[in-house]
Every structure is written in C-alpha cells, then in structure tokens.
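Here is the structure we will look at.
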Amino acid sequence: MALMPVADALKAVLEGAAALGEETVALDDAVHRTLARDAVAQRTQPPADMSAMDGYAVRAADASLNARLKVVGEVAAGKPFGKTIGTNEAARIFTGGVIPSGADAVVIQEDTARDGDIVVINEAARPSRHIRKAGIDFREGDIVIAKGTLLSDRHLALAASANHPRLVVYRRPKVAILATGDELVMPGKTPGPGQIVYSNGFALRPLMRAAGADIIDLGVAADTMDATTAAISKALELNADVLVTTGGASVGEHDLVKRALESEGTQMSFWRIAMRPGKPMMSGQLGTMRVLGLPGNPVSSYVCGFLFVVPLIRALSGASIIEHPLETAVLARDLAANDMRQDYLRARLDVGDDGRLLATPVNHQDSSLVANLALANALIVRPPRAPAASKGDPCRVLRLPR
C-alpha cells in the first residue's frame, strides 16, 4: 500500500467533522469553549452618561478659567443626583457617577480649588470632557460576541458586562486515550528488563484538553487481542467521540491495534502516512466514534497528535480556526536533502538580531528522544524531496504549544 500524503491524510481525518451539540454553561465554565450562538447585549453600557474622573460636574459655558461655581451636591457611583445643575453651579462627582441633568462636562479635581461651598476652576471646561457617553461600549441588542468565537477571559468579562450569566457553547468532544504495550510501566515504577516508562499520555492529555476535549483515560492495555478489544469496547460504552490509541500501529506480530479495531468493525480510511516522524499512523470510523491510531514512539505520537488530533478536536468543538498556521523563518544551519516523506524537524524558534524568526533544528531527530522534543518549540516542515538547504535560507515552521 502506498503511503498517503500528509495533506490527504488530514483531509480524511477532518472529513465530515462538524461541531457537536450545544450546551449552556455558566461563565466560569465557558473559557476556551466555542460560542454556539451570538451573544446579544441585554443592556446598554454605560447605561447613562458617566464621569470618567473624580472632579466636578459643570456646565462648560460657566466653567471658564478662574470661574467660581457653587457646589450644590455630590454624585457617587450608584447614587445619581436628583437635581439639575443650574447656571454657575457644580456638583462634586466621582468616577462612575451619573452626569447630572444640566451638566455637560467634568473638571477634574486636580484642576480645581475648593473654598467652602465654592469651587474655583483652574482650567476651563470643554463640552463632553471626561464624560463616558451612554452606550460608548455597547448598546442593548448589539451582538457583542459572534457565534464561533473561541472564548477568552476577556470575552467572559464582556459577556458579564452585557448581563449574561451563562452562554450557549458547543459541547466538548470526548476523547478516549488508550496506550498499548507490555513494555510500558507507569512513572514511579521500576522498569523490568526490556520495559520503559510510559510518557505519551502525559503529553497528549494536556495537548488535547487545551484544544477543547474532555479526556477519558483508558490506561495501558496488554499486547493481547482480548485486552485491546475490551478497551475499544469500553470507549464505545463511554460514548467517546474519538478514540486515540498509541502504540501497536506498526507491522510486527505484537502490533495488534489495527487488527483489533478491524475485528470490532472499524472502517479504516488510511494506514501509514508519507511523513516523518509518524509513518505508522492510521485513521478510521467505528460506528459514530472516530479512531486515530498514533505510533508508540513518543515524538511520533506527539507530532501526530499535534498535526491530526488537535485539528479534529477543534472541528468537533466548532472552532473557526482548525489547522495550524504556517510561518516563515530562516534556517540557523544547513539541512540535507529530504527523501519521499514530509519531514517535521523539531527545532528552536527564536528572534534573530535582524528581527526575523530563526529556526534551529535540534541535533538529533530520532523519534524516541523525549529530551529533544522538550527543547523544541516549533517544527520545521520540509516537503517530500526537498533539496538541500543552507543556513539563512527561508523555511516553513509550525509553532508548538507553549
């Protein structure tokens, strides 16, 4: 079977992927969720003309330089003044106070002097000066946050100001993660002969949570058909939208994941991709559950998770931006010509002295080297059969999550 190009594989993974159902959540639970319906302002902000400073509310026509105005009252935030400011009158006002009827300007406290119930104006007022006009932020009925917005902390502040205690968002996809391999032991255990400490899930789980998924951890299955199929059945029972497996995706006698998935009825869309790292990746559908089988090597597992699982989660979460954006950088050292597979080189991305992005590939690109993966903050993308490149040549990069 020919290796599938990366672009075709991503297209297959995303085919038919659309936002899941809606749910209403409290504001505190809405951050990093995708808004499913426009958020419309339930009020006008500010609801009336308000003072932007501490000072005196005045009629600008009266408050010329050295004018002496009679102070007829006080306006605090939340306590409007019930009277009209007349000729040669002023009201002491504090930030957030409603501008009294008759007043059209505020003279800040620093530009006045107080003499009993008289305020002396040391800088002439100008109409509308230091006044926040009603509705300058938004008005009732305005769409303040559009459907499809990935909600940040600032959006939640805006929603609260618009008087929304809850928002309608798209449901988070449930992603079940299953590791396979008799050689795996958990961190803190002492590995036996030929065993290694399991690390893939500790990168994949936060990566997928950050993309918008709820995680179901299925642990590690032994290298038997019974154990593997039992874990697949568990993912179905728990109504997982996506099953992500790590390991067991290659061609050896102990690589059982593909066989187990097919025995349960999975329809495979591809197996093996023309990329490095991550060649033995697979994708399919088991009922309504999407399946992505990632390689077992830690770097391959992470890179495939970043390139394929994260965009799928975004699509199922209703996000407007699905794929990772490519950026242009310059190489910090020479690179050899590439073979027929698309390469994703782990690299450090920094800003050079000339202000351009500088990409430095890590020294060793083996797909088992977790230390080099941790050092990297980007991937240099090299297409199949790319010619040799020299230091200073342009290159394309993908930033890894911070």
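The values are calculated or read from the model by the stated rules, or taken from the named source; none is laboratory data. Just so it is clear, the structure is predicted and the values come from calculations on it, not from any experiment. All Cβ positions, glycine included, derive from the backbone under ideal geometry; neighbour counts span all protein chains shown.
Exactly one residue out of Gly181, Gly148 is within 30 Å of Ala231 (Cα to Cα) and either of a type outside the set (A, V, I, L, M) or modelled with pLDDT under 95 (or both): that is Gly181. Scanning the stretch 52-79 for residues that are in contact with a strand residue (DSSP E or B) (Cβ under 7 Å, 6 or more places away or on another chain) and hydrophobic (A, V, I, L, M, F, W, C) turns up Ala52, Met53, Ala57, Val58, Ala60, Ala63, Leu65, Ala67, Leu69, Val71, Val72, Val75.
Among all residues of the stretch 357-368, there is none that is touching a Phe, Trp or Tyr at 6+ places or on another chain (Cβ under 7 Å) and either surrounded by fewer than 14 Cβ atoms within 10 Å (Cβ to Cβ) or of a type outside the set (Lys, Arg) (or both).
Report yes if Leu349 is surrounded by 14 or more Cβ atoms within 10 Å (Cβ to Cβ), touching a helix residue (DSSP H, G or I) at 6+ places or on another chain (Cβ under 8 Å) and among the aliphatic types (A, V, I, L, M), otherwise no. The answer is no for Leu349. Say we look at the stretch 270-283 and pick out the residues that are part of a loop (DSSP other than H, G, I, E, B) and either more than 26 Å from the chain's Cα centre (by Cα) or not aliphatic (A, V, I, L, M) (or both); which of these is farthest from Leu243 (Cα to Cα)? The extreme case among them is Ala274. When Asp29, Asp49 are checked against the criterion of being surrounded by 15 or more Cβ atoms within 10 Å (Cβ to Cβ), at negative phi, acidic (Asp, Glu) and touching a strand residue (DSSP E or B) at 6+ places or on another chain (Cβ under 9 Å), a single residue qualifies: Asp49. Could you look through the stretch 123-147, keep only residues that are small (Gly, Ala, Ser) and surrounded by fewer than 16 Cβ atoms within 10 Å (Cβ to Cβ), and pick out the one that is farthest from the chain's Cα centre (by Cα)? Top of the filtered list is Ala124. Number of residues in the stretch 336-378 that are of a type in the set (Ser, Thr, Tyr) and at pLDDT below 95 equals 2. Do any residues in the stretch 134-147 that are within 13 Å of Asn163 (Cα to Cα) have Cβ atoms under 8 Å from those of residues that are among the basic types (Lys, Arg), where the two are at least six apart or on different chains, and which pairs are they? Qualifying pairs under 8 Å: Glu140/Arg43.
Taking Glu262 as the residue in question, decide whether it is surrounded by fewer than 16 Cβ atoms within 10 Å (Cβ to Cβ) and either of a type in the set (Lys, Arg) or part of a loop (DSSP other than H, G, I, E, B) (or both). No; evaluated as a whole, the condition is false for this residue. Specify which of the listed residues (Arg139, Arg129) is more than 20 Å from Thr24 (Cα to Cα) and touching a strand residue (DSSP E or B) at 6+ places or on another chain (Cβ under 6 Å). Among Arg139, Arg129, only Arg129 is more than 20 Å from Thr24 (Cα to Cα) and touching a strand residue (DSSP E or B) at 6+ places or on another chain (Cβ under 6 Å). The residue that is surrounded by the most Cβ atoms within 10 Å (Cβ to Cβ), among those in the stretch 9-26 that are in contact (Cβ under 8 Å) with a residue 40 or more places away in the chain and assigned to a helix (DSSP H, G or I), is Ala9.
Each row is one residue, and each column tells you yes or no for (1) touching a Lys or Arg at 6+ places or on another chain (Cβ under 8 Å); (2) part of a helix (DSSP H, G or I); (3) β-branched (Val, Ile, Thr).
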| site | (1), (2), (3) |
| --- | --- |
| Gln285 | no, no, no |
| Gly293 | yes, no, no |
| Pro311 | no, yes, no |
| Ser320 | no, no, no |
| Ala337 | yes, no, no |
| Met340 | yes, no, no |
| Arg348 | no, no, no |
| Leu358 | no, no, no |
| Asp366 | no, no, no |
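Filtered by the rule that a residue be β-branched (Val, Ile, Thr) and within 21 Å of Ala52 (Cα to Cα), the stretch 117-153 gives Val119, Val120, Ile121, Ile131, Ile136.
In this structure, is Val75 under 30 Å from Val106 (Cβ atoms), surrounded by 14 or more Cβ atoms within 10 Å (Cβ to Cβ), touching a Phe, Trp or Tyr at 6+ places or on another chain (Cβ under 7 Å) and β-branched (Val, Ile, Thr)? Considered against the rule, which asks whether it is under 30 Å from Val106 (Cβ atoms), surrounded by 14 or more Cβ atoms within 10 Å (Cβ to Cβ), touching a Phe, Trp or Tyr at 6+ places or on another chain (Cβ under 7 Å) and β-branched (Val, Ile, Thr), Val75 comes out as yes. Quick test for you: out of Val310, Val244, pick the one residue that is touching a helix residue (DSSP H, G or I) at 6+ places or on another chain (Cβ under 9 Å), of a type outside the set (Ser, Thr, Tyr), at pLDDT 95 or above and under 18 Å from Ile232 (Cα atoms). None of the others qualify; the one that does is Val244.
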